[in-house]
Amino acid sequence: MTETLSNAADRWKPLTELLHALLERIAVEVPGCLGAALTVSQGDRSPRVLATAGVAERLVPAHLTHGGPVAIAAATGEPVTTDDLFGDPRWPGLTRDTLFSDVRYEAVRGAVALPGDWDDNGTFVLSATLDRAPGAGPLAILRRYAKLTEMTLVVAETATAGDPGQMLELLASRAAIEQAKGAIMAVRRCPPEEAWQTLRRASQEFNVKVRELAVALVEHVGGGVAAQPEGTPEIRPGEPAHHAAERLWAAFAAK
C-alpha cells in the first residue's frame, strides 16, 4: 500500500530534532552559511524536505518547485554549486524578486548541494545556502557529514519500519552493500562514495537489485557463498545478478 504523506511525516517525526541539530552543526561550520537542509526521496518518489535550518526553510522547497541546486543534485546524483543562486541560468524560475521579497533573503549569494544514498532505494541531498561564493570549502564540509547523515537515515528507517520482517531485510541489505563496497574500494582504491555510485550504476545498467548485485559480487570475489547476518532473510542473487557481478569485476581487472 502506498504510504500517505501524513503517515510518512509521522514515521519520520522522532528524527526531526536530531536532524535539525545536525543541520545546525553544519551551519556553524560552513563559512557564511545562512541555512542548511536535508531532502530525501525513495524509489521514483519526488524529493521532499525532511529538515531545515535558517533561510533554507523557505528556500529549499522553492528549489524543488522552481529549480535550483537541490533539485539538480537530486536528479543527477552529482554535487551542485553556484556563486549566484538567484541569477544562475540553470534555474531561471528561482528569482529573489518574485519569490523572496523578505529582507532576510537579501544576503543570499551562493549555495551548495551534495547528493548521497542511504540504501538501495533511497537518496538524500545535503545543502547549504551562503552569503558568499562557496569555493571548495563548504562542499568538503558537507562530505564530512554525508556518512553521518546516511547512517542516521539507515538507523531511523530500520527502527521505524512497522514490519519486523522489513527491518531484517533492511539490515541484510545494508550488510551486503557494505561488503561489496569494501571489495570495490580495495580494488579501485576509491572512497566509499565512489564505490557506492559504481555499485548503483551497475545495478541500473544490468537491471538488477543493488542488494542482489552486492551479494553476487562478494561471492564472485570470494569464490563461494557470501556470509550473511545470522537471523536475517537470505539474499539469493539470480543468474542476472551473477552475470552483472562477473562483468563488473572483469571491468575492474581490465583497468
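None of the figures in this text is laboratory data; all of them are computed from the coordinates on show. Predicted model, so just to flag it, every value in this text is computed and none were measured. Here the Cβ is made from the backbone with ideal geometry for all residues, glycine too, and neighbour counts use every protein chain on show.
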Placing each pseudo-label 7 Å from Cα in the direction of the beta carbon, Arg96 and Arg144 end up separated by a distance in nanometres of 2.9 nm
For segment 184-197, 3J(HN,Hα) per residue [Karplus equation, 6.51 cos²θ - 1.76 cosθ + 1.60, θ = phi - 60°, Hz, x = Gly/Pro]: 5, 4, 5, 7, 9, 6, 10, x, x, 4, 5, 4, 5, 4
Whole-Hz ³J(HN,Hα) from phi, Karplus 6.51 cos²θ - 1.76 cosθ + 1.60, for segment 240-247, glycine and proline x: x, 5, 5, 5, 4, 5, 5, 5
Bins of 10 Å, beginning at zero and ending with the bin holding the largest distance: percent of Cα pairs per bin for segment 5-160, please. 12, 45, 34, 10, 0
Show me, for segment 107-114, the HN-Hα J-couplings you get by feeding each phi into the Karplus relation (A = 6.51, B = -1.76, C = 1.60, θ = phi - 60°), rounded to Hz, glycine and proline as x. 7, 5, 10, x, 7, 9, 9, 10
